[in-house]
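Data block below; observations after.
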Amino acid sequence: SFARAVPRPLAVGSHMGEAVDVLREAVAAAGGVRLTPAGTGDLCHGDRKVAGSSAFAGRGAFFYQASLLVDADLGLVDRYLRHPGREPAYRRGRPHREFLTTLRQAGCTKPLAALARDLEAALALALGAIAPETQDLGDAPAARRGREE
């Protein structure tokens, strides 16, 4: 997740594409897997979804969060989640098990801890390059006060 202070209220779509691209490039750098954007905020390997995201914009701020499937048991998804009432066109009515994939299934062999470390580093580098005002939401209260706790 990341948040960005912006000078005025804005539409979510004006920054969503940029956020998805940052995540796509970080996954390629950290995990060696090339993903493509699809739908609204999804990242896919081929025609299978690996990441979904959402965003919120308001009061001069933009917030983006994404869920990335790394090594999940996709057999459980159909068991616990119903087919959504709305779906992107590229899903084509497929059940979860035929629509989703993981970074592992897409060819990422890096151990989870190393992948997490490298993904965090790639995101920090990318966000530092495009958004110096980006801050970890966990540190937001201390940052607002201008001092560390």
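Miscellaneous remarks
- Scoring 95-103, 115-123 by mean Cβ neighbours within 10 Å over their residues and listing the highest first yields 95-103, 115-123.
- Scattering curve values for the stretch 54-110, log₁₀ I(q)/I(0), Debye with Cα scatterers, q = 0.12, 0.14, 0.17 Å⁻¹: -0.43, -0.56, -0.75
Rule-based calculations on the coordinates, nothing more; no lab input. Here the structure is a predicted model, which is why all the values come from computation and not from measurement. Reconstructed Cβ throughout: ideal geometry from the backbone, glycine too, with neighbour counts over all protein chains shown.
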